[in-house]
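Accompanying notes for the structure given below.
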Amino acid sequence: MKEPYATRRERFAGMMGKAAAVFAAPPITVRNSDVENEYRQDSDLIYLTGFEEPEAVLVLAPARPEGRVTLFVRGREPDKEIWTGRRAGPEGAIRDYGVDAAFPVSELKERLPALLENVPRLYYRLGRNRSFDDVVFAALDDIRRRARTGVAAPAEIVDPGEIAHELRLIKSPPEQAATRRAAEITCAAHLAAMQSCKPGQHEYEVQASVEYVFRKAGATGTSFLSIVAAGANSTVLHYTSNRTRIGPTDLVLVDAGCEWEHYAADVTRTFPASGAFTSIQRSLYEVVLEALEAALEEVRPGAAHDASHKRAVRVLTEGMVRLGLLKGEVDSLIEREAFKRYYPHNTSHWLGLDVHDVGRYKIEGQSRSLAPGMILTVEPGLYVQPDDMEAPEALRGIGVRIEDNVLVTETGREILTNAVPKAPMEVEAVMRRGPSISI
């Protein structure tokens with residue numbers, strides 16, 4: 001468990017210099033009454049330690065000779081552990097996670113001031129956890145009260161994402177492998193959805209097919225709430241109720257991804273519940289597919305991140321004109337963003353420990369250049385609302401999104417999610433014969 005976390009901490013420490021940094025686990029949240037939500041560790045803490053237990057606090061203080069890496073964890077309490085599971089405790093934190101020192105989190109308030117004194121800068125994300133903000137503020141106040149003894153509090157507080165999130169943006173080979181496995185499992189799940197979906201089912205039945213594959217393959221769960229949107233529900237971008245009965249002529253949009261070793265996949269496919277696209281469904285679907293293929297061509301090292309979006313917007317806008325959704329000259333429609341009526345979102349986001357992963361999209365106001373090791377989604381779509389009286393009647397209530405996960409390589413790109421077909425004829429063929437992918 002000690003690697004690659006020690007290396008990551010060294011890289012972070014080298015970039016922050018003589019400052020100190022504090023990372024706190026998110027609090028446990030209650031679903032209802034005394035039932036807790038499933039716990040997920042903060043991704044920065046996962047990145048730097050691999051430690052998954054709640055209530056943990058990591059303090060990095062590279063300039064301290066007596067302990068540069070300190071982890072506060074829940075103490076061993078056998079009476080509680082028989083209810084909620086075994087804990088690492090301070091001894092396990094040192095033994096298994098490679099930190100220099102570890103203490104019970106009950107001692108945090110007492111020990112934190114000494115860890116933060118006499119450093120010029122504190123890296124800590126304010127506002128994420130207001131109750132923990134008070135713990136940090138109390139530590140700083142404690143140091144300030146002892147100013148006459150010769151100690152000084154940090155003069156500034158900086159978001160650690162300035163360093164950690166840029167480090168996380170470039171995925172190492174093991175991170176790439178974890179994402180690749182998440183994509184493989186997710187592809188198998190989407191194929192299962194195509195195979196199992198039948199008119200008359202409810203959306204949640206398709207969701208069950210998807211998430212069964214996730215769990216059977218050993219994924220820890222979903223990387224976000226699964227979207228299974230039939231018919232007009234597909235025009236709602238983040239539809240998650242998944243309760244509607246699937247109609248005989250409905251398109252079904254499935255946007256789902258699993259998490260493997262904390263790394264996320266995020267895949268969308270749209271397919272006909274009947275097993276065959278109608279001509280009008282195919283006409284809109286093929287516009288989105290053309291936009292996806294064009295946008296994927298823009299993913300390569302050195303290209304601007306937003307190049308794929310610009311390319312998708314042009315292809316989609318041209319298609320909207322052909323379909324009768326928009327009228328006018330394409331350049332003018334793009335300039336005044338008329339396309340946003342039917343394509344309101346961006347084409348891409350980073351993918352990693354978070355499904356909408358961290359890392360800046362612009363540098364000094366300009367779209368950043370793609371580099372090997374970055375992983376991103378490419379996901380154009382078209383959504384015609386059912387009550388849009390300005391749209392051709394046959395297109396109303398149709399939503400299509402197609403999404404792939406892409407790794408930027410030294411020479412171009414690796415599409416991690418090609419195992420799920422996208423061409424209409426191939427989609428129909430899979431629905432007839434079922435999936436053949438192995439998980």
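Condition check ((1) in contact with a Leu (Cβ under 8 Å, 6 or more places away or on another chain); (2) small (Gly, Ala, Ser); (3) at pLDDT 95 or above; (4) buried (at least 23 other Cβ atoms within 10 Å of the Cβ)) across all residues:
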{"position": "Val330", "(1), (2), (3), (4)": "no, no, yes, no"}
{"position": "Lys340", "(1), (2), (3), (4)": "no, no, yes, no"}
{"position": "Thr347", "(1), (2), (3), (4)": "no, no, yes, yes"}
{"position": "Gln366", "(1), (2), (3), (4)": "no, no, yes, no"}
{"position": "Ala371", "(1), (2), (3), (4)": "no, yes, yes, no"}
{"position": "Arg401", "(1), (2), (3), (4)": "yes, no, yes, yes"}
{"position": "Asp404", "(1), (2), (3), (4)": "yes, no, yes, yes"}
{"position": "Thr411", "(1), (2), (3), (4)": "no, no, yes, no"}
{"position": "Ala423", "(1), (2), (3), (4)": "yes, yes, yes, no"}
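Given the criteria touching a residue at least 24 places away in the same chain (Cβ under 8 Å), under 16 Å from Tyr343 (Cα atoms) and among the aliphatic types (A, V, I, L, M), does Ala295 qualify? Here the answer is yes, as Ala295 does meet what is asked. Among the residues in region 388-399, are any crowded, with 22+ Cβ neighbours inside 10 Å, within 14 Å of His305 (Cβ to Cβ) and in the same structural domain as Asp266 (by TED's automatic domain parsing)? So far as region 388-399 goes, no, none of its residues is crowded, with 22+ Cβ neighbours inside 10 Å, within 14 Å of His305 (Cβ to Cβ) and in the same structural domain as Asp266 (by TED's automatic domain parsing). Contact map, region 134-146: residues that are free of Cβ contacts under 8 Å to residues at least 60 places away in the same chain paired with residues that are assigned to a helix (DSSP H, G or I), Cβ distance under 6 Å, separation 6+ or inter-chain. Pairs shown: Ala139/Leu112; Ala139/Pro113; Ala139/Leu116; Asp142/Pro113; Ile143/Pro113. Within 30 Å of Ala20 (Cβ to Cβ) and among the acidic types (Asp, Glu): is that true of Glu162 in this structure? In short, yes. Quick check on my filter: what residues within region 266-288 are small (Gly, Ala, Ser) and crowded, with 18+ Cβ neighbours inside 10 Å? Residues satisfying the conditions are Ala273, Ser274. Going through (1) of a type in the set (D, E, K, R); (2) touching a residue at least 24 places away in the same chain (Cβ under 8 Å); (3) farther than 19 Å from Asp388 by Cα one by one, Asp331 falls short only on (2). Within region 361-375, the set of residues being in contact with a helix residue (DSSP H, G or I) (Cβ under 8 Å, 6 or more places away or on another chain) and either assigned to a loop (DSSP other than H, G, I, E, B) or within 16 Å of Val267 (Cα to Cα) (or both) comprises Gly373, Met374, Ile375. Taking the conditions exactly as written (touching a Phe, Trp or Tyr at 6+ places or on another chain (Cβ under 8 Å) and in a loop (DSSP other than H, G, I, E, B)), does Leu333 satisfy them or not? Judged against the criteria, Leu333 is not a match. The single residue among Leu284, Leu237 that is touching a residue at least 40 places away in the same chain (Cβ under 8 Å), assigned to a loop (DSSP other than H, G, I, E, B) and not charged (D, E, K, R) turns out to be Leu237.
In this structure, is Leu376 among the hydrophobic types (A, V, I, L, M, F, W, C) and touching a Ser or Thr at 6+ places or on another chain (Cβ under 6 Å)? So Leu376 fits the description; yes. Screening Tyr212 with (1) within 16 Å of the chain's Cα centre (by Cα); (2) loosely packed, with under 14 Cβ neighbours inside 10 Å gives one miss only, at (1).
When the residues of region 161-184 are narrowed to those that are touching a residue at least 40 places away in the same chain (Cβ under 8 Å) and more than 16 Å from the chain's Cα centre (by Cα), which ends up farthest from Arg360 (Cα to Cα)? The qualifying residue farthest from Arg360 (Cα to Cα) is Glu184. Among the conditions (1) exposed (fewer than 15 other Cβ atoms within 10 Å of the Cβ); (2) assigned by TED's automatic domain parsing to the domain that holds Asp357, the only one that Glu184 does not satisfy is (1). Given region 36-128, what helices (runs of 4 or more DSSP H) lie entirely inside it while holding 1 or more residues that are surrounded by 22 or more Cβ atoms within 10 Å (Cβ to Cβ)? Filter on region 36-128 gives 43-49, 89-97, 108-116.
Look at (1) modelled with pLDDT of 95 or more; (2) not assigned by TED's automatic domain parsing to the domain that holds Ser196 and you find that Thr417 fails only one, number (2).
Looking across Ala232, Ala219, Ala291, one residue alone is crowded, with 23+ Cβ neighbours inside 10 Å, of a type in the set (A, V, I, L, M) and farther than 18 Å from Leu191 by Cα. It is Ala291. Across region 11-35, the number of residues qualifying as farther than 23 Å from Gly352 by Cβ and not in a loop (DSSP other than H, G, I, E, B) comes to 5.
The values are calculated or read from the model by the stated rules, or taken from the named source; none is laboratory data. All of these numbers come straight from a predicted model, not from anything done at the bench. Note that each Cβ is placed from the backbone with ideal geometry, even for glycine, and that neighbours are counted across all protein chains shown.
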